[in-house]
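First up is the structure itself, then whatever we jot down about it.
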Amino acid sequence: MGKYYLNDDVDQPYILFAKNAINSFMANYIYPILINNVPSDSLSKDLAFNVVKVELFNDEAKNTISFGKSAQIVASVKYKSKSINADKKIYDNDIAELYSLRAKKKDPNSAIMIFVSIHGQWYGMYDFTYNRKIAFEKYKTSKSFINSALSNYGNSQFTPLYDDVYAAFELLAETTSLILPKSIIKAHHKDIQKSFKSFCTLNKLQYYEDYEIISQIRDASRYGRKSPHDMEKNALKHLSSLLSFSTFMEKYLGYKVITPEKSDNLNIDELKT
């Protein structure tokens, strides 16, 4: 997820880049769609919106854009005054800090972008994880292979251990082919490898190298070939790598916005300008 705050130093290059990128996106993408979908006789009135939600799917025909109340966005904010309560009309000048943005409703398989205008400036949040629900089903299936691998390790059954470790790694690797833009729902082995390698490179992870070694050991054991890697000596290391990767993907797929405890939830469509 990406975001920036009201109190960030606007002279920082990444803040300026974010602001320019959001304004450019609004001008080149959001406003033209709005203009094309709002009757010209009501355009001046209906252009007074302060929130946009964009949901993106692998099938671009399913992409949706929502404005104003239909976007159903909640912001975590800090008010300038402690006396502000839910019964009072909230104006953007009442907001001291914006911590996070989230959608009340979101398709679990869509990526999302949210834009909110406060103090005359657009702020943005994005989460480009696609197919989260589908990927999580793959993750849950991998857990059965992990449990079997742990059992085989306890019984010193190394050939079935590596079969299980490889199968679990392959399923977890497949989740990476699902969650990236232009993802492949039914990917072939080579597509999974390519996607997994890109995912690890992007996130600076070492799991792809471990996956390659595990694949070599598993193939050598299954087909009676000699492996340059010691099966028994490295079993715990590779099992630990699998458990670490599984934990990483669980957190990645179950991502939640973390906000300060002392913050207030504000329905953005109730915000007055």
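Annotations
- Per-residue extension of 0.36 nm, minus the Cα-Cα distance of Gln206 and Thr247, leaves a gain of 13.3 nm for this segment.
- Here the calculated FRET efficiency for Lys186 and Ser81, from their Cβ-Cβ distance with R0 = 45 Å, stands at 0.25, rounded to the nearest 0.05.
- Of the GluC sites (Glu not before Pro) in the range 169-252, those whose Cβ has at most 13 other Cβ within 10 Å and which sit in DSSP loop: Glu232
- Shape class for the range 86-147: prolate, because the ratio a/c of the largest to smallest gyration tensor axis (alpha-carbon atoms, square roots of eigenvalues) is 1.5 or more and a/b beats b/c.
- Scalar couplings 3J(HN,Hα) for the range 150-162, obtained by applying the Karplus form with A = 6.51, B = -1.76, C = 1.60 to θ = phi - 60°, are 4, 5, 5, 5, x, 9, 6, 9, 7, 5, x, 4, 6 Hz; x denotes Gly and Pro.
- Shape class of the range 58-127 from the Cα gyration tensor (axes a ≥ b ≥ c, square roots of the eigenvalues): prolate, since a/c reaches 1.5 or more and a/b is larger than b/c.
- Its Kirkwood hydrodynamic radius, worked out from the mean inverse distance over all distinct Cα pairs, puts the range 132-253 at 14.5 Å.
- Loop-located chymotrypsin sites (Phe, Trp or Tyr not before Pro) in the range 194-242 (DSSP state not H, G, I, E or B) with no more than 11 neighbouring Cβ atoms inside 10 Å do not occur.
- Euclidean distance between Cα centres, the range 91-164 to the range 196-238, Å: 25
- Percentage relative contact order, the range 132-253, counting C-alpha pairs under 8 Å, at least six apart: 30
- The loop-placed trypsin sites (Lys or Arg not before Pro) in the range 166-255, going by DSSP, that have at most 12 neighbouring Cβ atoms within 10 Å of their Cβ come out as Lys182, Lys186, Lys204, Arg225, Lys226, Lys233.
A short reminder: the numbers here are calculations on the coordinates, not readings from a lab. These numbers were taken from a predicted model, which means no experiment stands behind them. Reconstructed Cβ throughout: ideal geometry from the backbone, glycine too, with neighbour counts over all protein chains shown.
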